[in-house]
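Asks: Could you have a look at this structure, given as structure tokens, before my questions?
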Amino acid sequence: MTDDRTALVHGLIQMAVFLQANHEVPAPHGVTVHHFIPRADDDQMRAQIDHLAALLGSDIDAGGGHYGTSRLFGPVEYRAVAILADARATYAAQDSYRGCVTPDTVKET
């Protein structure tokens, strides 16, 4: 295992042990661990997700400019996602307006 992978696995185990031993600490109903495919050509990114889906035994979820797959372990989800070029371009276009529009303030009564 790589150092990052080992650190992640150990961190997940440590958190689980901590939450099990400290019932007064609130815990979420579920958690998702995301793996984002590095930016590449859309076909290459889809191929990586297809490969992961085969390893996970999971279906492909394609929608909203994302191409992904996931597997549930009870309330814990492992999700791999590729953000495709059109979705990245749309986000960049929308984000280009950030800070350019200032809404009027509304006085509370």
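Asks: Can you list the residues, at least 5 places off or on another chain, whose amide H is less than 5 Å from the amide H of residue 37, using H built in the peptide plane?
Replies: The answer is 81, 82, 83.
Asks: Moving on to the next point. Only bridges with both residues in the chain count here: give the DSSP antiparallel percent, nearest 5. Please report the intermediate quantities before stating the final value.
Replies: Values: 12 of 18 bridges.
So the antiparallel bridges in the chain amount to around 65 percent.
Asks: Hey, if you put +1 on the Cβ of every Lys and Arg and -1 on every Asp and Glu Cβ in region 30-95, which of 36, 74, 55 ends up farthest toward the positive end of that dipole?
Replies: 74
Asks: Scan around residue 77 for amide H atoms under 5 Å from its own, H built in the peptide plane at 1.01 Å from N, and keep only partners 5 or more places away or cross-chain.
Replies: When sequence neighbours closer than 5 places are left aside, the close amide H contacts are 31, 32, 33.
Asks: State the label only: which of (i) 14.4; (ii) 17.3; (iii) 14.0 corresponds to Kirkwood radius over Cα pairs in Å computed from the shown model?
Replies: (ii)
Asks: Scan region 1-83 for chymotrypsin sites (Phe, Trp or Tyr not before Pro) in coil per DSSP, keeping those whose Cβ has at most 12 other Cβ atoms within 10 Å, and list them by number.
Replies: none
Asks: Can you tell me the FRET efficiency between residue 12 and residue 107 if r is taken as the Cβ-Cβ distance and R0 is 35 Å, rounded to the nearest 0.05?
Replies: Numbers: r = 48 Å, r/R0 = 1.37.
My answer for the efficiency is 0.15.
Asks: About its Cα centre, how strong a charge dipole does region 30-95 have in debye, to the nearest 20, once Lys and Arg get +1 and Asp and Glu get -1 at the Cβ? Please list the in-between numbers first.
Replies: Values: 5 positive and 9 negative charges, 42 e Å.
Taking the Cα centre of region 30-95 as origin, the dipole is about 200 debye.
Computed from the coordinates by the stated procedures, all read-outs in this text should not be read as laboratory data. This structure is a prediction, so every number in the text was calculated from the model and none was measured. Cβ sites come from the backbone with ideal geometry, for glycine too, and all protein chains shown count toward neighbours.
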